Amino acid sequence: MFGSLDVDRDSEGFRSRWIWIIPPFIVLGLAATLVMVSLADHVGVTRAALGLVIAPFALVLVVIGLRRGFALLNKMRARLGHWDVLWLLLFASALVFRVRSATDIRANPVDSWAVYRIALEVGVGVVLFTHLVLRRPEWLGSMFRGFIGALTAFGIVSLASTAWSVYPAWTLYKSCEYLLDVALLAAILVTIRSARAYKHFVNWTWVLYGLLLLSVWLGVVVWPQQELYPVGFKIGLLGVRLTGVVPDVSSNDVGTFGAILALVSLCRLLPIAGRSSERIWYTLLFTASTATMILSQTRSAMAGFLFGVFLMLLFSKRLGLSAFLSFVVGPLLLLTSLGGLVWAFLKRGETAQVLGTLSSRTIWWSYALQKFLERPLTGFGAYAAGRFAVLATHGLTVTSTLHSDYLEIIVGTGIWGLIPALAALLGTWWFLVRYLQRSSEATLERQLAYEAVAVLGLLTFRSIFMTMLTWHPPLDFLVILGTAEFLRRREIRETSHPVQAPDESSADAATVCS
């Protein structure tokens with residue numbers, strides 16, 4: 001009798017745990033059906049029907065993933081502090097809800113959305129200043145140490161270029177904005193002492209980007225036409241190109257953030273040592289992030305993702321998987337019809353001429369180099385030169401950057417801005433690689449460095465084609481540079497005070513990537 005009662009209780013518990021799935025499953029199913037029907041004219045009846053067949057299975061995975069994701073978010077929420085809130089405010093300050101041309105900016109530099117952005121940044125600045133006055137913590141010195149110090153030097157050079165900028169107010173504002181980002185990271189690093197606390201900070205950063213991508217996918221349900229068929233873009237073989245509407249998230253950013261989350265989830269599925277925990281969650285996250293990256297059709301994000309995977313396999317010494325990818329998957333793509341299909345996808349419907357200019361980037365870069373040669377030592381003002389002295393003068397008033405960190409830097413600040421920016425980037429690379437090579441223990445610190453190298457590979461590759469490192473707020477890059485700086489300072493403390501702290505450094509492999 002008692003056995004039957006236990007069975008009844010178990011069945012009731014099972015129903016109570018899963019009964020909540022039914023309403024969202026029905027709602028999402030109806031939404032997916034409406035989206036497929038509305039897109040049938042664009043993708044064809046066959047693709048739409050295939051989508052309807054796949055949709056139920058995808059929805060089951062989405063619902064299961066959301067359930068586990070919300071559970072993890074609840075655990076994280078308990079650890080959120082005011083530094084996390086400040087990091088969130090910087091993230092929110094960069095969300096775009098309208099697109100302005102260079103002419104609009106000159107005519108009305110401070111519109112209502114600019115006020116929203118400035119208000120969030122001023123709030124962060126006031127809190128940081130209050131901490132500075134109270135000396136709790138004393139974070140100012142942290143801005144001038146290590147890799148953060150190199151970024152601070154870049155920010156100061158950018159700020160100095162206000163004196164000769166083609167648009168001084170813009171250079172002043174954007175330089176202060178970037179220095180605020182660096183200052184907050186410097187303050188956070190002063191307060192974080194353990195690897196587990198820093199991992200929470202890293203996870204919080206990826207959660208913010210994940211929520212942004214979630215807003216993009218919700219937008220597909222509300223505005224499928226605008227989200228999947230952005231005006232002015234070729235959509236090629238795939239038939240759609242994922243972008244964000246509210247807030248405005250470019251396909252380039254959608255692809256980049258998808259690639260970052262795919263790399264992070266893959267690093268945790270294949271940790272540098274030991275076994276992975278939360279395999280179901282990270283498998284779903286990897287699948288969703290990879291799908292997002294592919295649907296964005298951002299080629300340099302995909303290439304950067306592959307570079308990150310190469311680094312991941314290199315430092316985790318997974319020779320079997322590397323051999324399989326090199327000698328099976330590679331030849332399969334090159335020597336079969338799949339290679340032609342992949343190439344057709346990568347062409348994205350563009351002509352050979354457009355492909356040869358990297359979607360017009362090389363044309364913009366040639367304009368920038370001509371400007372750089374006019375003022376190689378000083379530039380034309382950080383953040384203003386690319387948009388107002390180069391692009392706007394050639395009729396490209398809506399494009400906001402030169403789509404390259406290095407071209408933006410040299411045309412804006414000359415070689416003096418490039419030196420500290422490269423010092424910060426190369427110093428981060430040097431330290432993380434050296435850190436991974438020196439130890440083979442399955443520690444949380446080593447897992448952090450492992451994930452950081454993979455993501456840094458992606459960001460470094462993307463920085464050639466986009467402004468990833470020096471444009472407000474590069475929280476993805478800052479959290480990676482912060483990883484190197486946190487580990488560097490930790491080494492210095494342990495060398496100065498060689499006392500074993502009760503930390504998670506010796507955590508077993510099963511909890512390293514949870």
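Laboratory data are not the source of any read-out in this text; all were calculated from the coordinates shown. Treat the numbers as computed from the prediction; the structure is a model and nothing was measured. Positions of Cβ are backbone-derived with ideal geometry, glycine not excepted, and every protein chain shown enters the neighbour counts.
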For PHE477, PHE70, ascending order of other Cβ atoms within 10 Å (fewest first) is PHE70, PHE477
Final fewest-first order of HIS394, HIS131 on the 10 Å Cβ neighbour count is HIS394, HIS131
If ILE480, ILE294, ILE105 are placed from fewest to most neighbouring beta carbons inside 10 Å, the sequence is ILE294, ILE105, ILE480
Sorted on mean Cβ neighbours within 10 Å (highest first), peptides 133-140, 256-263 come out as 256-263, 133-140
Here Rg/Rh (Cα, Kirkwood) for segment 434-481 equals 1.07
For LYS199, counting only lysines whose alpha-carbon sits under 20 Å away and dropping same-chain residues fewer than eight positions off, the answer is LYS75
Per segment 257-413, sqrt(5λ) over the Cα gyration tensor eigenvalues, sorted largest first, in Å, gives 37, 21, 15
One checks the Cα atoms of segment 96-229 and finds Rg and Dmax, in Å, of 18.4, 52
Over all pairs of different Cα atoms in segment 75-137, the reciprocal of the mean inverse distance gives a Kirkwood radius in Å of 13.7 Å
